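To keep things clear, I will list the structure first and then write my remarks on it.
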Amino acid sequence: MAILRRVILKGFKSINEMDLELRPLNVLIGANGAGKSNLVSFFKMLNEMMAGRLQQYVGTTGRAQSVLHFGPKVTPQMEARLEFEADNGVDTYAMRLFHAAGDTLIFGEEALSFLGSGFSRPKLVPLGAGHYETRIGQEADKGEKTAGVFWRLLNRCRVYHFHDTSPTARVRQYSYVGDSRWLMPDAGNLAAFLLRLREQNKSVYQRIVATIRLVAPFFDDFDLEPTGPNRNDIILNWRDTGSDQIFGPHQLSDGTLRAACLVTLLMQPEGELPDLIIVDEPELGLHPYALNLIAALFKKASHHTQVLISTQSSSFLDNFDPEDVIVVTREGKESRFTRPDAAKLEAWLEEYSLGEVWEKNVIGGGPH
C-alpha cells in the first residue's frame, strides 16, 4: 500500500502556502475559521476531479473566486503536489490550475512522476496543459502504467461527510441494492453496503452491529430486505431490542445514525478500506461515550490505512497522542499548519490531558 507522505498546496482558499508531512494518523485542530475544513475541501475537490467533475465542483462552490486564495486578482493560479511513498519508490502528482474565462479553472500543467528506489532520475509522464478535466483517466485507459497507478491512488483518497441526517438525507431514503461496492461519501448507500457485508462477510457485519449496540443499547439489528418490483430498492430498516416491530431510518436519532455511518466506515474489511480516509468533525452530535469509541476505531483503522480528521472537540482530542496532531492557526489572511513539539508538552501532559493543554492554548490553535 502506498501512503500519502507529503502535500504541498499553494493558493487554495485560506491556504496561501502549505508543505505538510502526513503520518498514518493525522488530527487537525484549530479555532473556527482557522482553515481545517479548507484542507478537507482540497481533498473533496480531488475526489470530484477524479470523477471528471472539476468544473462542476468549481461552479457549485462559488466558482474560481472562492477557490483561489483571496480571488484571482490576488492569486491567479493554485498549485498542488502530492507525494506517495510506495514499497518500490515515490509516486508524485503535480498540477497547476489557472484562472480562466467564466471565472473557472483550467489546467496550466499536470504531470505524474515515479522515482524508483535506487534510481537517480524519475520517470516523468507529462499530461499537458489547457484541459478542463484531469487527463489521468484517459492515459490510464491507454495503458500508461504510471497513470494507472495514480488513477488508483487518487481515487482511494476519500472524503466522508455524515453531517446531513435530516429527514431528506440520502442515508434515510431508499437506495439501489446493487450500489454496494464502496460506502458513499454521505453514506447514501449504507443499507446496500451493509446488506453486501451481511451476505459476503458475516463476521464483519456482526462486529459492526455489536459495536453500534454499544452506542445505542436499544438497537438489536438491521432488517435489510430488498423491495420494489424487481427487488432493487433497499432502505435502512432496523429492529429494537425485545420487539418484533420493524422501524424505519426516520426513527433513528441523528447521533445514532451518524455513529452507525462511522462504525461501518471504520470497521469494514481491512482490504476494502480506502487508502486515505478523511472526515471533517466526526464528533458532531455524538454522546461522550460514542465519541471515545469512534476515536478508538479511528486509531485502529490507522494501522491498516491512513486517516486525516479535523476536530474542535477537546474531549475527542484526549483520545490521541501529541504526534498525531496538526495545529491549524490563522495568521493574518493565511492558514498555517504545524505539528506541536511533543518533548515540550511532556511536563504539561503529566498534569493535564491533551485536550486540556489545547484549551489552555499551549500548543496554539486554541478553541477560544
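Values in this text are rule-based calculations from the coordinates and carry no lab data. Values in this document were obtained by computation on a predicted structure and should not be read as measured data. Cβ placement follows ideal geometry from the backbone for every residue including glycine, while neighbour counts extend to all protein chains displayed.
Numbers at a glance
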quantity: Three principal axis lengths of the chain [C-alpha, angstrom, descending]; calculated: 63, 59, 45
quantity: Pairwise centroid distance, computed over Cα atoms, of region 276-317 with region 167-245, Å; calculated: 22
quantity: Rounded, prolate or oblate (a/c below 1.5 giving rounded, otherwise prolate when a/b exceeds b/c) for region 37-187 by Cα gyration tensor; calculated: oblate
quantity: Cα-centred dipole magnitude for the chain, charges only on beta-carbon of K, R (+1) and D, E (-1), debye, nearest 20; calculated: 860
quantity: Karplus 3J(HN,Hα) series, Hz, for region 135-144 with 6.51 cos²θ - 1.76 cosθ + 1.60 (x for Gly, Pro); calculated: 9, 4, x, 5, 5, 5, 5, 6, x, 5
quantity: Helix 145-155 vs. the chain, principal-axis angle (Cα, 0 to 90°, nearest 10); calculated: 50
quantity: Exposure proxy order (Cβ contacts within 10 Å, fewest to most) of Ile212, Ile3, Ile106; calculated: Ile3, Ile106, Ile212
quantity: Under Karplus coefficients 6.51, -1.76 and 1.60, residue-wise ³J(HN,Hα) of region 322-333 in Hz, glycine/proline x; calculated: x, 6, 7, 8, 10, 8, 10, 10, 10, 10, x, 9
quantity: Sum of -39500 (n - 2.57) over DSSP H runs of 4+, divided by residues of the chain (222 nm, nearest 500); calculated: -9500 deg cm²/dmol
quantity: Extension reserve of the Ala296-Ala347 stretch, reckoned as 0.36 nm per residue once the Cα distance is removed; calculated: 15.9 nm
quantity: Per-residue Cβ neighbour rank within 10 angstrom, fewest leading, Glu356, Glu283, Glu225; calculated: Glu225, Glu356, Glu283
quantity: Share, in percent, of DSSP beta bridges within region 157-303 that are antiparallel, nearest 5; calculated: 65
quantity: Potential extension, Tyr174-Glu331 segment - 0.36 nm per residue separation minus Cα distance; calculated: 52.0 nm
quantity: Candidates Thr165, Thr311, Thr60: whichever shows maximal mean-square fluctuation once the chain is modelled as a Gaussian network with Cα springs under 10 Å; calculated: Thr60
quantity: Percent of Cα-Cα distances greater than 19 Å, calculated over region 157-303; calculated: 49
quantity: Unsatisfied cross-links (Cα-Cα over 27 Å) in the set Lys13/Lys145; Lys36/Lys344; Lys10/Lys123; Lys299/Lys360; Lys73/Lys145; Lys142/Lys299; calculated: Lys13/Lys145; Lys73/Lys145; Lys142/Lys299
quantity: Pairwise FRET efficiency - Ser203 versus Thr60, Cβ, R0 = 41 Å, nearest 0.05; calculated: 0.50
